[in-house]
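Engineer: Okay, handing you the structure first.
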Amino acid sequence: MQVGEIVAEPLAIHEPRLSSNQRETQTAAMLQRVGLEAEAMRRYPHEFSGGQRQRIGIARALILRPRLVVADEPVSALDVSVGAQVLLLLQDLQRELGLTYILISHSLPVVAQMATHISVMRAGQFVEFGPANLILERPQADYTKELLAAVPEVPRISQV
């Protein structure tokens, strides 16, 4: 399927009364909102970079204007700089569209950037829940403390 068909498919299923022109207009607008040109509609996913494919997935997820989005490891397959761009896009979209995210991630830096509240799970059980700043700064559960201690820090380079 071409990208335009992929992104427009939820509209075709859930809003069947829309004309093909209306679907195309909404699809182009959503692709542009996530940083892709309307001409992307005529291309295939394999013609895009990983970050662009992630943007296509985001456009598809948002085309029906949901209030809640579940994002499972949204940047895990991306390099750090592209992942950072996608996270900034998600934050912009959250503010603009009033979205709530349930973000599933093993990356504490990603969680720290995105979360207002954090639930820590171990072996399928919740071990800690609370405001992000409290969980990250003053964790109570031993497992949470271990996770935070395992996050590497970038060494400082002394200037000569």
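The values are calculated or read from the model by the stated rules, or taken from the named source; none is laboratory data. Only a predicted model underlies this, so the values are computations on that prediction, with no experimental measurement involved. Cβ: placed from backbone, ideal geometry, glycine included. Neighbour counts: every protein chain shown.
Engineer: Restricting to the stretch 36-94, name every residue that is more than 25 Å from ALA12 (Cα to Cα) and in contact with a Pro (Cβ under 7 Å, 6 or more places away or on another chain).
Structural biologist: The answer is VAL86, and nothing else.
Engineer: Output the residue which, of all residues in the stretch 71-84 that are touching a residue at least 12 places away in the same chain (Cβ under 8 Å) and assigned to a helix (DSSP H, G or I), is surrounded by the most Cβ atoms within 10 Å (Cβ to Cβ).
Structural biologist: Here the residue is GLY83.
Engineer: Here is a list of conditions, (1) loosely packed, with under 12 Cβ neighbours inside 10 Å; (2) under 19 Å from VAL7 (Cβ atoms); (3) charged (D, E, K, R), and ARG55 meets all of them except one; can you say which number that is?
Structural biologist: (1)
Engineer: Looking at ARG65, ARG43, can you tell me which residue is over 18 Å from MET114 (Cα atoms), of a type outside the set (Asp, Glu) and surrounded by 13 or more Cβ atoms within 10 Å (Cβ to Cβ)? Spell out how you get there, then give the answer.
Structural biologist: Details: ARG65 fails: surrounded by 13 or more Cβ atoms within 10 Å (Cβ to Cβ).
Matching residue, one of ARG65, ARG43: ARG43.
Engineer: Within the stretch 1-56, track down each residue that is touching a Leu at 6+ places or on another chain (Cβ under 6 Å), of a type in the set (D, E, K, R) and closer than 19 Å to VAL86 by Cα.
Structural biologist: Selection gives ARG55 alone.
Engineer: (1) modelled with pLDDT under 95; (2) more than 26 Å from ASP79 (Cα to Cα): which one isn't true of ALA132, the others all being true?
Structural biologist: Of the numbered conditions (1) modelled with pLDDT under 95; (2) more than 26 Å from ASP79 (Cα to Cα), the odd one out for ALA132 is (2).
Engineer: In addition: Just a yes or no: is a residue in the stretch 63-77 farther than 30 Å from GLY130 by Cα and of a type in the set (Gly, Ala, Ser)?
Structural biologist: No, the stretch 63-77 contains no residue that is farther than 30 Å from GLY130 by Cα and of a type in the set (Gly, Ala, Ser).
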